[in-house]
Amino acid sequence: MSALTGKTALITGATSGFGLECARSLAAAGAKVIIAGRREERLAALAKEIGANAHPVTLDVRDNAAVVKTVAGLAKAFAAIDILVNNAGLALGLSSFENQPIENLEQMVDTNIKGLMYCTHAVLPGMIERNLGHIVNIGSIAGSHPYPSGNAYGGTKAFVAQFSLNLRADLLGKNIRVTNIEPGMADTEFSLVRFKGDDSKANAVYKGIEALSAADIADAILWCVTRPSHVNVNRMEVMPTQQAFAGFAVHRNS
Ligand code: NDP
Ligand code: 8X3
């Protein structure tokens, strides 16, 4: 019997990067996985690869009605969600706040904050009813370490960090865990999305360094969800060895 045999996990953003590797690793550890994302053909390919333990659902987490309908309409074998991995998210643009188009800001807030809350709100009542569950949020180092042009993206991840802690406070006395995993630079499609498909800008981000891989973060998620049930990892910050802090910037008049 594997560590997660008998468990069901819902993973948002399973079409790429962390979510895709997480679906593979939780399934390999015995879990049934509900894999969610907007790109249907990628979900179908992943479901085929994993087999009967995968249940693909095409879902835009920004649509609360769709989130509610999806969770309420799950087939019986997948309906009792033990693990929710709130991974769907994105950064759009890398420029000073005043130069960020409003649409970028709205999409980051709608996905990283509102989408994460919609999924949590839809899944949590079932966890409370069964007095069992683990919510794993994917935050970012950008939620606690500021950097120029990180503005709204970092703000959304700071929300994820504080929301995770406050959720833990609400859930005290229940057998439900909450973890915020805060990765640093990871070579996924993240930068390709941030730079709206510009390969050369995206590749430049990871040039000359060994960034984290999606598998590294999937491994961190697997570790957190396979701790004994009395152990709650509140937050886990993970960076590539080749990434660190730059210190405070000072602007001098002369
Ligand atoms: P990817 O771009 O590779 O994956 C992002 C996933 O999110 C995709 O599966 C995408 O699926 C999904 N997604 C985006 N918007 C929506 C939406 N509206 N509804 C449903 N799914 C959506 O990036 P990563 O794997 O790197 O990113 C995963 C998470 O990790 C994000 O929350 C990101 O902010 C965070 N993160 C990433 C870091 C990095 O350096 N890579 C570091 C720290 C945190 P689809 O397009 O099919 O809907
Ligand atoms: C992604 C990491 O440093 O690009 O959350 O913001 S970073």
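Every number in this text was worked out from the coordinates using simple rules, so none of it is lab data. These numbers were taken from a predicted model, which means no experiment stands behind them. Neighbour counts run over all protein chains shown; Cβ positions are idealised from the backbone, glycine included.
Could you say whether any residue in segment 157-166 is aromatic (Phe, Trp, Tyr), away from ligand 2 (no atom under 11 Å from the Cβ), crowded, with 19+ Cβ neighbours inside 10 Å and closer than 21 Å to LEU132 by Cα?
yes
Against the definition (in contact with a helix residue (DSSP H, G or I) (Cβ under 9 Å, 6 or more places away or on another chain) and within 11 Å of ligand 2 (Cβ to nearest atom)), how does GLY143 come out, yes or no? First the steps, then the outcome.
Working: in contact with a helix residue (DSSP H, G or I) (Cβ under 9 Å, 6 or more places away or on another chain): yes; within 11 Å of ligand 2 (Cβ to nearest atom): yes.
For GLY143, the condition - in contact with a helix residue (DSSP H, G or I) (Cβ under 9 Å, 6 or more places away or on another chain) and within 11 Å of ligand 2 (Cβ to nearest atom) - is met.
Among the residues of segment 227-249, which ones are under 17 Å from ILE138 (Cα atoms) and among the polar types (S, T, N, Q)?
If the condition is that a residue be under 17 Å from ILE138 (Cα atoms) and among the polar types (S, T, N, Q), then ASN232, ASN234 are the ones that fit.
How many residues, within segment 213-244, are among the polar types (S, T, N, Q) and either within 15 Å of SER16 (Cβ to Cβ) or assigned to a helix (DSSP H, G or I) (or both)? Reasoning before the result, please.
Here is the first cut: in segment 213-244, the residues among the polar types (S, T, N, Q) are 213, 226, 229, 232, 234, 241-243.
Next, from what is left, pick out any that are either within 15 Å of SER16 (Cβ to Cβ) or assigned to a helix (DSSP H, G or I) (or both): 213.
Selection size over segment 213-244: 1.
Of the residues THR58, THR12, which is within 12 Å of ligand 1 (Cβ to nearest atom), closer than 21 Å to TYR118 by Cα and crowded, with 24+ Cβ neighbours inside 10 Å?
THR12
Name every residue in segment 160-188 that is among the small types (Gly, Ala, Ser), in contact (Cβ under 8 Å) with a residue 40 or more places away in the chain and assigned to a helix (DSSP H, G or I), in order of residue number.
ALA161, SER164
Looking at ARG38, ARG24, which is the one that is in contact (Cβ under 8 Å) with a residue 24 or more places away in the chain and among the charged types (D, E, K, R)?
ARG24
Among the residues of segment 7-17, is any over 19 Å from the mean Cα position of the chain (by Cα) and assigned to a helix (DSSP H, G or I)?
No, there is no match, as no residue in segment 7-17 is over 19 Å from the mean Cα position of the chain (by Cα) and assigned to a helix (DSSP H, G or I).
Can you tell me which residue is farthest from the chain's Cα centre (by Cα) among those in segment 36-55 that are near ligand 1 (Cβ under 9 Å from one of its atoms) and either outside any helix (DSSP H, G or I) or surrounded by fewer than 16 Cβ atoms within 10 Å (Cβ to Cβ) (or both)?
In this case the residue turns out to be GLU40.
Among the residues of segment 189-212, write down those that are within 11 Å of ligand 1 (Cβ to nearest atom) and either crowded, with 21+ Cβ neighbours inside 10 Å or not in a loop (DSSP other than H, G, I, E, B) (or both).
First pass over segment 189-212, keeping only residues within 11 Å of ligand 1 (Cβ to nearest atom): 189-194, 202, 205-206, 211-212.
Those that are within 11 Å of ligand 1 (Cβ to nearest atom) and either crowded, with 21+ Cβ neighbours inside 10 Å or not in a loop (DSSP other than H, G, I, E, B) (or both): PHE190, SER191, LEU192, VAL193, ARG194, ALA202, VAL205, TYR206, LEU212.
Taking only pairs six or more apart or across chains, which ones have beta-carbon atoms under 7 Å, a first residue in segment 111-135 that is among the hydrophobic types (A, V, I, L, M, F, W, C), and a second residue that is buried (at least 20 other Cβ atoms within 10 Å of the Cβ) and in a helix (DSSP H, G or I)?
Going by the 7 Å Cβ cut-off, the qualifying pairs are ILE113/THR156; LEU116/VAL160; CYS119/VAL67; ALA122/VAL67; ALA122/VAL71; VAL123/VAL71.
If a residue must be crowded, with 19+ Cβ neighbours inside 10 Å, aliphatic (A, V, I, L, M) and more than 15 Å from ligand 2 (Cβ to nearest atom), how many such residues does segment 167-188 contain?
2
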